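I have placed the structure first, in the form of structure tokens, so that the comments after it can refer back to it.
The values are calculated or read from the model by the stated rules, or taken from the named source; none is laboratory data. Just so it is clear, the structure is predicted and the values come from calculations on it, not from any experiment. All Cβ positions, even for glycine, are placed from backbone atoms using ideal geometry, and neighbour counts span all protein chains on display.
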Amino acid sequence: MFLIRSIKNRSRLPLPPGPKKLPLVGNLFDIPTTEQWETFRKWSRDFDSDILHLNVAGKSIIILSSLQATNDLMVKRSSIYSDRQAHLLATVHSEVHFKLLFRRAQREILNTTFSAGASSQFRPMELASTHALLRCVLKNPGCCLMEYFEQMVGKMIMSITYGIDVLPLNDPYLKLSHEMARAGSVAAVPGKYLVDTIPVLKYIPTWFPGAEFKRQAKEWKKVVRQAVELPFEETKRKIATGGARASFVSQVLSMEWDVLDPHYSEGAMRDGAGMIFNAGNHVTVAVLGTFALAMLLHPDIQKKAQLEIDSVVGRDRLPTFDDKPALPYISALVKEVLRWKSVAPLAVPHFVAVEDEYRGYRIPAGSIVLGNTWAICHDEAFYPEPLDFLPERFLLAGNEDNISPDPVVLFGYGRRACPAKSMALDSLWITAACILAAFDLTKAVGDDGKVIEPTCEYVSGLAYTPLPFKSFMRPRSKRSADLVDATAM
């Protein structure tokens, strides 16, 4: 009786505030198609609430716009807020068991290899990939950095995940990864497709008017299946012939798992590898692009970072991971890059399994729950002047209470946080440190002698990524160029 009474009392609670809802469609036409996070923050301020409720054609959506709210629900109550929403992306991914992603088996498999301690095993590969990037830039200082970042990161993560070398141009695995990212960036938007809110539509035939989502899903399934299965099968083939290099896949396939648990299957390992490669690839490229853009726009900060490297490392070698404790400004700079242009402005959608109550509001069962990471990383209470690029906000300035919190929310919340966070941060740090040690990043100059201002335009997808921009990478000295050349030996 007490349980029944509690449920009835909860059902009488009001929903969180939100914009006025129209009959049938709710807020379907209120949500913009791009940069939704800014609109969500505006609504949060309009309603003076860090928790909002939207209704999209009958589907309940909860928007959380503060660190407190996301921690309270997605972290402390992760047992009921970690389900995955059954939307079109899940339909696409179900072909390769992505519907099980982030469940117990996948988390254990990934955490075994990518925990903070274990991920240090990949540092030699990260350093080698960074050195290869430096050599490419030295040969072509006016290159499109985004293209080189894509090649470097793809090579590094393919090697770490599968032990496979990628081709210098038109690599088939990287091509599939990019196609998968394009599919995911479209399908992952909650409420974009009516089938997300009216599941019965999945049964209509593909030729039926309005069934474009079914035709798209069919093509996307093929891309996802190939992107996840082909490199995994290639690694298995190399293991069988004795030619496999050490990698995440070779390591997990050699471990002893509970064979009686159906979740600990080869499919779980395959899909975990696919997630690490495809998600990690695009996120890392996006953050490195933002790093380069920030250095172009803030030469004074670039110079300050270089002075720290010179004072600690000197000018006769390049930085290594051993230098990290003595280079706090470089670490602060990387954190500010992550915060300034949040690579994942909206967190991966969570799905609340049962009806819940928070601060006197009712959270309906089955609601999509989104963390507005961009709003959190631009909260003036934690990050004064949030639109400015200020690495100093992460440095101890006499009072520990003045240090802004690390922007770790970018890697997700609770049980669905990215398991490869430590590896990603290592890669970003060593790449930034080595680039700053060896090169001056400057704006490009056109044939007419005029400076070409970077576009500073971004595109949304699996990662919030800057569009390609022109720049010039000048070796800081003859000695710097020699050090870069020497990394090939």
Among (1) at pLDDT 95 or above; (2) at positive phi, Ile309 falls short only on (2)
Which of (1) without any contact (Cβ under 8 Å) to a residue 24 or more places away in the chain; (2) buried (at least 23 other Cβ atoms within 10 Å of the Cβ); (3) not aromatic (Phe, Trp, Tyr) is the odd one out, the single condition Leu436 does not satisfy? (1)
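Look at Ser471 and say whether it is of a type in the set (S, T, N, Q), at pLDDT 90 or above and more than 24 Å from the chain's Cα centre (by Cα). Before the answer, list the steps.
Details: of a type in the set (S, T, N, Q): yes; at pLDDT 90 or above: yes; more than 24 Å from the chain's Cα centre (by Cα): yes.
The answer is yes for Ser471.
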Considering segment 443-458, residues that are more than 27 Å from the chain's Cα centre (by Cα) and part of a strand (DSSP E or B), and then whichever is surrounded by the fewest Cβ atoms within 10 Å (Cβ to Cβ), we arrive at Val451
For segment 340-353, check the following and say yes or no: at least one residue is surrounded by fewer than 19 Cβ atoms within 10 Å (Cβ to Cβ), closer than 20 Å to Lys304 by Cβ and in contact with a Leu (Cβ under 9 Å, 6 or more places away or on another chain). no
Look at Arg393 and say whether it is modelled with pLDDT under 80 and among the basic types (Lys, Arg). no
Do we find a residue being of a type in the set (S, T, N, Q), loosely packed, with under 13 Cβ neighbours inside 10 Å and in a loop (DSSP other than H, G, I, E, B) anywhere in segment 459-472? no
Among (1) among the hydrophobic types (A, V, I, L, M, F, W, C); (2) at pLDDT 90 or above; (3) under 26 Å from Leu467 (Cα atoms); (4) surrounded by fewer than 20 Cβ atoms within 10 Å (Cβ to Cβ), Ala365 falls short only on (3)
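For segment 184-203, check the following and say yes or no: at least one residue is touching a Pro at 6+ places or on another chain (Cβ under 6 Å), at pLDDT below 85, closer than 23 Å to Phe29 by Cβ and not in a helix (DSSP H, G or I).
If we filter segment 184-203 for residues that are touching a Pro at 6+ places or on another chain (Cβ under 6 Å), which is where we start, we get 190.
Filter again for at pLDDT below 85, leaving 190.
Applying the additional criterion that residues be closer than 23 Å to Phe29 by Cβ yields 190.
Those still in the list that are not in a helix (DSSP H, G or I) too: 190.
The answer is yes, given that some residue of segment 184-203 is touching a Pro at 6+ places or on another chain (Cβ under 6 Å), at pLDDT below 85, closer than 23 Å to Phe29 by Cβ and not in a helix (DSSP H, G or I).
Taking the residues in segment 34-66 that are assigned to a loop (DSSP other than H, G, I, E, B) and in contact (Cβ under 8 Å) with a residue 40 or more places away in the chain as candidates, determine which candidate is nearest to Tyr383 (Cα to Cα).
Narrowing segment 34-66 to residues assigned to a loop (DSSP other than H, G, I, E, B): 34-35, 47-50, 57-58, 65-66.
Narrowing further to those that are in contact (Cβ under 8 Å) with a residue 40 or more places away in the chain: 34-35, 57-58, 65-66.
On the way: Thr34: 24, Glu35: 20, Ala57: 36, Gly58: 36, Ser65: 14, Ser66: 13 Å.
The residue in question is Ser66.
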For segment 20-30, give me the residue count where each residue is part of a loop (DSSP other than H, G, I, E, B), surrounded by fewer than 19 Cβ atoms within 10 Å (Cβ to Cβ) and not basic (Lys, Arg). 6
State all residues of segment 350-399 that are farther than 21 Å from Ile301 by Cβ, among the hydroxyl-bearing types (Ser, Thr, Tyr) and touching a helix residue (DSSP H, G or I) at 6+ places or on another chain (Cβ under 8 Å); if no residue qualifies, say none. Tyr358, Thr373
Within segment 138-165, track down each residue that is of a type in the set (A, V, I, L, M), surrounded by fewer than 23 Cβ atoms within 10 Å (Cβ to Cβ) and assigned to a helix (DSSP H, G or I). Leu138, Met146, Met158
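Where residues in segment 14-53 are aliphatic (A, V, I, L, M) and modelled with pLDDT of 95 or more, which of them is farthest from Tyr358 (Cα to Cα)? Talk me through it step by step, then tell me what you get.
First pass over segment 14-53, keeping only residues aliphatic (A, V, I, L, M): 15, 22, 24-25, 28, 31, 51-52.
Right, trim to modelled with pLDDT of 95 or more and you get 15, 51-52.
Values: Leu15: 10, Ile51: 9, Leu52: 12 Å.
Top of the filtered list is Leu52.
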